[in-house]
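Sharing a structure here in structure tokens format.
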Amino acid sequence: MIVLVTATGTDAGKTTLTRGLARAVRRRGIDVVALKPFETGVETVPVDAVALEQASGARWEGPWYRAKAPVAPWSATLMGEPPPDWDTIVAALRAAADHHAWCLVEGAGGPRVPIDATREVRDLASELGAAVVLVAPDVLGVLSYTFTAVESLTALGNTPIVVLRDVARPDPSATTNAMVLERKLGRAPFRLPFVVGDDDALADAVERSGLVEALGQPPARP
Ligand SMILES: Nc1ncnc2c1ncn2[C@@H]1O[C@H](COP(=O)(O)OP(=O)(O)OP(=O)(O)O)[C@@H](O)[C@H]1O
Ligand SMILES: [Mg+2]
């Protein structure tokens, strides 16, 4: 199974959730790999990719795209960095998925981040036949960001599982965000608490969320 983890935007909690999910699946004795195929803002070490590798305990070499500029991949290309090789990267992700029971793929930013002139992160879900998880921080603004992101994924037939994640200092919108998301999306969002701790602490939180079971039964495609 391939799971694409995307979000309402950058810094939303994709790596954090993917670390917890990878460790939770691994602790169940399931062979899992967690990859970050497109990572930007990389000076030397791709920190997200390394964190995912540590959480899953699996390494998969691939022609992964790394750019120095902390911008979308296509933006980095327009700034003069080498372009990503979409087909080779997609083929490497498929190969990784063939060799592992679960293959978690962290996107870059949100679903409409341009990878090159014609492809966006959301196209990865379609190409890979991936289940999609959308991480959304429980803050003011999450409603519109989430509806917009869900719509952009559903437009390509990839209805996401929404995970609302807690923040350290909630604002007043946190009282009702989950309720409004449930009413408008027809399904309660999964909840990820604010976790101070390591991969195992994150895995405990993911276990409690019920997300692993939900991914066993991803939402029906419209
Ligand atoms: N559930 C959580 N508990 C505690 N802190 C969290 C949680 N989720 C995210 N954070 C914190 O929020 C920040 C951004 O999270 P994270 O790096 O996972 O986002 P991201 O979506 O992967 O970002 P990027 O777009 O750069 O890949 C980090 O400092 C992280 O520690
Ligand atoms: Mg990340």
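The values are calculated or read from the model by the stated rules, or taken from the named source; none is laboratory data. Small disclaimer: the values here were computed from a predicted structure and weren't measured. Because the Cβ atoms are built from the backbone with ideal geometry, glycine has one as well, and the counts that use them run over all protein chains shown. We work out accessible area using only protein heavy atoms, side chains counted, and drop any ligands, DNA or RNA first. Shrake-Rupley method; radii C 1.70, N 1.55, O 1.52, S 1.80 Å.
What is the distance in Å between the Cα centroid of the stretch 80-128 and that of the stretch 140-162?
Centre-to-centre (Cα) distance: 19 Å.
Test of understanding: in a Gaussian network model of the chain with alpha carbons linked when under 10 Å, which of Leu192, Leu164, Leu156 would top the mean-square fluctuation ranking?
Leu156
Could you give each residue of the stretch 156-169 its phi-based ³J(HN,Hα) in whole Hz, using Karplus coefficients 6.51, -1.76, 1.60 with θ = phi - 60°, and x for Gly or Pro?
Each residue's phi maps through the Karplus curve to give 9, x, 10, 5, x, 8, 8, 10, 8, 10, 5, 10, 5, 10 Hz.
Any chance you could run the full-extension gain for Thr118 through Arg94? It's 0.36 nm times the residue separation minus the Cα-Cα distance, nm to one decimal. Display every interim value, and only then the final one.
On the way: separation 24, 0.36 × 24 = 8.64 nm, distance 2.04 nm.
Net length gain for the segment: 6.6 nm.
Can you tell me how the stretch 38-166 classifies by the Cα gyration tensor, rounded, prolate or oblate, using a/c under 1.5 as the rounded cut? Don't skip to the answer; put the middle values down first.
Working: a/c = 1.40, a/b = 1.20, b/c = 1.16.
Note, shape of the stretch 38-166 comes out rounded.
Semi-axes of the chain's equivalent ellipsoid from the Cα gyration tensor, sqrt of 5 times each eigenvalue, largest first, rounded to whole Å? It would help to have the intermediate numbers written out before the result.
Numbers: eigenvalues 125, 82, 60 Å².
Semi-axes from the Cα gyration tensor: 25, 20, 17 Å.
When DSSP assigns beta bridges and you keep just the ones with both residues in the chain, what percent turn out antiparallel, to the nearest 5? Present the calculation step by step, with values, prior to reporting the outcome.
Numbers: 1 of 25 bridges.
Antiparallel bridges make up about 5 percent of those DSSP assigns within the chain.
Calculate what fraction, in whole %, of the accessible area of the stretch 78-211 sits on carbon and sulfur atoms when a 1.4 Å probe is rolled over the protein chains.
Values: 3460 of 6220 Å².
Ligands and nucleic acids excluded, carbon and sulfur reach 56 percent.
Pairwise over distinct Cα atoms, reciprocal of the mean inverse distance: report the Kirkwood radius of the stretch 164-216 in Å, one decimal place. Numbers along the way, then the final one.
On the way: mean 1/r = 0.0817 Å⁻¹.
Computed over the stretch 164-216, the radius equals 12.2 Å.
So, one more: Run the quick spin-label model on Ser126 and Val45: label points 7 Å from Cα toward the beta carbon, then report their separation in nm to one decimal.
For Ser126 paired with Val45, the spin-label model returns 3.8 nm.
List residues of the stretch 118-139, by number, whose backbone nitrogen lies under 19 Å from a label position 7 Å along Cα→C-beta of Ala214.
Under 19 Å, as judged by backbone N against the label point of Ala214, lie 125, 130-139 of the stretch 118-139.
With the cut-off at 22 Å, report for the stretch 1-81 the share of all Cα pairs above it, as a whole percent. Before the final figure, lay out the partial values.
Values: 860 of 3240 pairs.
Every Cα pair in the stretch 1-81 considered, those over 22 Å come to 27 percent.
Could I ask something else about it? Once amide H atoms are built 1.01 Å from N in the peptide plane, which residues 5 or more positions from Val113, or in another chain, come under 5 Å H to H?
Val121, Arg122
For the stretch 1-101, which GluC sites (Glu not before Pro) pass both filters: DSSP loop (anything but H, G, I, E, B) and at most 11 other C-beta atoms within 10 Å? Walk me through the intermediate numbers first.
Numbers: sites: Glu39, Glu43, Glu53, Glu61; in loops: Glu43, Glu61.
Of the GluC sites (Glu not before Pro), the ones in loops of the stretch 1-101 whose Cβ has at most 11 other Cβ atoms within 10 Å are Glu43, Glu61.
Tell me, what HN-Hα J-couplings in whole Hz come from the Karplus equation 6.51 cos²θ - 1.76 cosθ + 1.60 at θ = phi - 60° for each residue of the stretch 80-94, using x for Gly and Pro?
Along the stretch 80-94, the couplings run x, 7, x, x, x, 9, 3, 4, 5, 5, 4, 4, 5, 5, 5 Hz.
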